Amino acid sequence: QVQLVQSGAEVKKPGASVKVSCKASDYTFSDYMISWVRQAPGQGFQWMGWINPYNGDTNYAQKFQGRLTMTTDTSTSTAYMELRSLRSDDTAVHYCARLHCSTTTCSLDYWGQGTLVTVSS
Amino acid sequence: QSVLTQPPSVSAAPGQKVTISCSGSSSNIGNNLISWYQQLPGTAPKLLIYDNNKRPSGIPDRFSGSKSGTSATLGITGLQTGDEADYYCGTWSSSLTAVVFGGGTKLTVL
């Protein structure tokens with residue numbers, strides 16, 4: 001059974017950085033891109049970007065350009081999401097999800113359990 | 001503000017049927033396949049429907065999806081109290097190379 005297991009909750013001060021991990025199991029890690037999606041309290045989903053573990057290619061949402069970095073470690077089948085210069089409006093549950101793509105479209109077929117990042121002074 | 005538009009809430013009685021709509025444009029829904037996600041209270045989202053109308057293994061056939069033009073619909077029959085959740089539509093945006101979402105619809109089973 002495919003699983004994505006994320007690291008635990010984080011509390012950070014404004015201006016700090018956070019790095020969340022997402023460990024994949026029961027599939028070939030390099031065969032699927034990993035996406036990151038976040039959800040502020042009581043809100044919907046916000047797409048952050050994706051990374052291709054096969055070649056390291058990334059695509060970040062414009063909103064996060066310059067302060068977001070996604071990486072992978074194929075030896076441990078783990079994806080990482082680092083967000084810098086944290087602000088209070090970065091407080092959200094951050095999810096990793098596997099991106100399943102066909103020839104014409106993609107969907108998020110497996111999700112991690114989520115990591116709550118709280119930014120507070 | 002979400003790219004796709006969903007009603008904020010729908011409700012129906014146990015055993016009844018409900019539909020949830022999702023509208024977009026030719027640049028998203030009109031040229032791509034739709035997926036639907038279910039988020040039960042306090043849990044991570046789960047893929048419910050992909051490629052407009054396909055169900056992943058383990059999803060009961062009470063859940064169905066359809067698409068016409070720039071709109072899509074999720075249908076749920078034989079409603080159960082356990083179906084109370086937030087439902088999100090999503091589709092691939094070729095221009096953004098990203099999944100774009102609706103704002104979510106809260107289903108209440110009265």
(message) Restricting to Cα pairs below 8 Å that are 6+ residues apart, what does the relative contact order work out to for chain B? Please round to a whole percent.
(response) 38
(request) Count, for each residue of B:89-101, the Cβ atoms from other chains sitting within 10 Å of its Cβ, then give me the mean as a whole number. (result) 5
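Please identify the longest segment of chain B free of exposed trypsin sites (Lys or Arg not before Pro), where exposed means a DSSP state other than H, G, I, E or B and no more than 16 other Cβ atoms within 10 Å.
Values: sites that count: B:17, B:62.
That gives B:63-110 as the longest site-free run.
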(request) With 10 Å bins from zero, work out the P(r) of chain B over every alpha carbon pair and list the percent per bin. (result) 16, 50, 29, 5, 0
(request) On each of the three principal axes of the Cα atoms of the protein assembly as shown, give max minus min coordinate, whole Å, ordered largest first. (result) 48, 41, 34
(message) Quick check: convex hull over the Cα atoms of chain A, volume per residue in Å³, rounded to an integer?
(response) 105
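At a 10 angstrom cut-off on C-beta neighbours, averaged per residue, how do the peptides B:75-87, A:94-106 rank from highest to lowest?
A:94-106, B:75-87
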(request) Find the percent of Cα-Cα distances in the range B:1-63 that exceed 21 Å, and round it to a whole number. (result) 31
(request) With θ set to phi - 60°, apply the Karplus curve 6.51 cos²θ - 1.76 cosθ + 1.60 along the range A:38-51 and write out the HN-Hα couplings as whole Hz, x wherever there is a Gly or Pro. (result) 10, 9, 5, x, x, 10, x, 8, 10, 5, 9, x, 9, 9
(request) Of all alpha-carbon pairs in the range A:24-82, indicate the percentage at a distance above 13 angstrom. (result) 60
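Any read-out appearing in this document is the output of simple, stated calculations on the displayed coordinates, not a laboratory observation. Computed from a predicted model, the values in this text were never measured in an experiment. In this analysis, Cβ positions are derived from the backbone assuming ideal geometry, glycine residues included, and neighbour counts consider all displayed protein chains.
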